[in-house]
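The values are calculated or read from the model by the stated rules, or taken from the named source; none is laboratory data. Computed from a prediction, not measured in an experiment: that's the story for all the values here. So basically every Cβ, Gly included, is an ideal-geometry build from the backbone, and we count neighbours across all protein chains shown.
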């Protein structure tokens, strides 16, 4: 894909509401973040042990106008100065997505601005562009979040080839389920990561699943089941489980699989640059493991700051910039697509 020549600056007002974060940002030329406002619902959903879709949608409705106004204010810009309005339209929770899509369409229509629909996972990949101006395609990217675990070749801006994916649970989903099983609660990923720092990663050797016929696909269901079986056996025997050791051992197994698959793909595809993205990309053990592996292989590693790993609108603005300058425009019939696949339009 050859990028079009743009002489004037492109200002994107971006909106993200795919799950339980109501977010808006102003991004200049795809790489410079002028504001990144996030209204989190974590405290609310913690009461229920996970995200409740109906509650998330209602909270988005309450917060979205305030978040957009705050993003424009912090950026020191007006809606009239924006070049385009961008919004996540999938994948995600359908009710949550609809709030953002409806808002973006209304704002774009009223302000007579172009509308750009953005794939949520493309946004996660594009988060790497914000803090790494030297990073350009092609590169290998591991996307790890609560709903997705993908290994992709980023061939160009917005152009992906998926070479690996999870066959069952996503890595982040497995973290959440294990956290719930050991009583850490929601959100599981950060709590397992914190507990694991006090534990022995080799206290329990959990299995590393391999998917037959594919060297790059993932499976975390068996690993999660192994943790649950370990807990059940300990309970039946009246043994005390040391939670930090269990978390460290589980996390070590997940990281081992993620890193080994990524390194195998980098070697096989001749990639010299590796990026990680998604909520689990903020996991300290994954960052350390990937850094060590990349240094051993002589590869350059890129990852976003934690604020750009979890759901945010700045990453949507970064992705939207490259979509916009290559002519992508959404119609007023843009709709939420909860099961949108990477690479679909």
Residue list for segment 172-216, restricted to those being in a loop (DSSP other than H, G, I, E, B) and within 18 Å of residue 148 (Cβ to Cβ): 187, 209, 211, 214, 216
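To keep it simple, each residue is scored yes or no on (1) part of a helix (DSSP H, G or I); (2) surrounded by fewer than 23 Cβ atoms within 10 Å (Cβ to Cβ).
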residue	(1), (2)
280	yes, no
289	yes, yes
292	yes, yes
295	yes, yes
301	no, yes
307	yes, yes
332	no, yes
336	no, no
342	no, yes
Segment 110-133, residues that are part of a loop (DSSP other than H, G, I, E, B) and either modelled with pLDDT under 95 or surrounded by 24 or more Cβ atoms within 10 Å (Cβ to Cβ) (or both): 133
Lone qualifier among 43, 104 - being free of Cβ contacts under 8 Å to residues at least 12 places away in the same chain and in a helix (DSSP H, G or I): 43
Within segment 241-266, tally of residues that are outside any helix (DSSP H, G or I) and under 15 Å from residue 226 (Cβ atoms): 1
Number of the condition not met by residue 328 [criteria: (1) under 25 Å from residue 106 (Cβ atoms); (2) under 18 Å from the mean Cα position of the chain (by Cα); (3) not in a helix (DSSP H, G or I)]: (2)
